[in-house]
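Take a look at the structure below.
The values are calculated or read from the model by the stated rules, or taken from the named source; none is laboratory data. Here the structure is a predicted model, which means the values were calculated and not measured. So basically every Cβ, Gly included, is an ideal-geometry build from the backbone, and we count neighbours across all protein chains shown.
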Amino acid sequence: MESPSPDEFVNVGRLEDFPHGTSKVVAVKDKTVALFHVDGTVFAINNVCPHEGGPLAKGKLKGYIVGCPWHDLRFDVRTGFGTDGGGYCVASYDVLVREGEIFVRSLCRER
């Protein structure tokens with residue numbers, strides 16, 4: 001299978017090095033992106049909480065919801081939408097896994 005275009009997607013590592021239930025921070029062009037491996041699927045959102053800049057990848061993950069480690073604002077890692085009703089959200093990015101390699105789209109999803 002052909003690899004994604006490097007203009008659109010950035011290779012951020014191997015799936016075998018990213019265990020289920022974990023998170024990690026990767027660089028995608030000029031952005032800091034948090035990856036979450038949940039139930040065999042990898043999701044990508046902006047790593048910076050919009051409230052006060054907390055590192056979302058260091059937050060506690062429960063199912064598909066991550067809580068900011070600084071003030072526990074919660075975000076759905078599938079969409080980037082906040083779950084607390086305060087109107088907060090973060091950018092989310094498309095992820096592809098091809099031949100064991102993880103690729104993140106360099107542009108966030110349109111809402």
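Within the bounds of the stretch 2-22, is there any residue that is in contact with a helix residue (DSSP H, G or I) (Cβ under 6 Å, 6 or more places away or on another chain) and not hydrophobic (A, V, I, L, M, F, W, C)?
no
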> Can you name the residue in the stretch 85-110 that is out of contact with any strand residue (DSSP E or B) (no Cβ under 8 Å at 6 or more places or on another chain) and exposed (fewer than 13 other Cβ atoms within 10 Å of the Cβ) and, of all such residues, is modelled with the highest pLDDT?
Replying inline: GLU99
>> Under 8 Å between Cβ atoms, which residue pairs at least 6 apart in sequence (or on different chains) link something in the stretch 63-89 that is farther than 20 Å from VAL42 by Cβ and in contact (Cβ under 8 Å) with a residue 12 or more places away in the chain with a partner that is assigned to a loop (DSSP other than H, G, I, E, B) and hydroxyl-bearing (Ser, Thr, Tyr)?
In response: LEU73/TYR88
> Quick one: which strands (runs of 3 or more DSSP E) sit completely within the stretch 1-103 and have at least 2 residues that are of a type in the set (S, T, N, Q)?
Replying inline: 41-46
> So which pairs qualify, if the first residue must be in the stretch 21-47 and in contact (Cβ under 8 Å) with a residue 60 or more places away in the chain, the second must be surrounded by fewer than 20 Cβ atoms within 10 Å (Cβ to Cβ) and of a type outside the set (A, V, I, L, M), the Cβ gap must be under 6 Å, and the two must be at least 6 apart or on different chains?
Replying inline: VAL28/SER106; LYS29/SER106; LEU35/LYS24
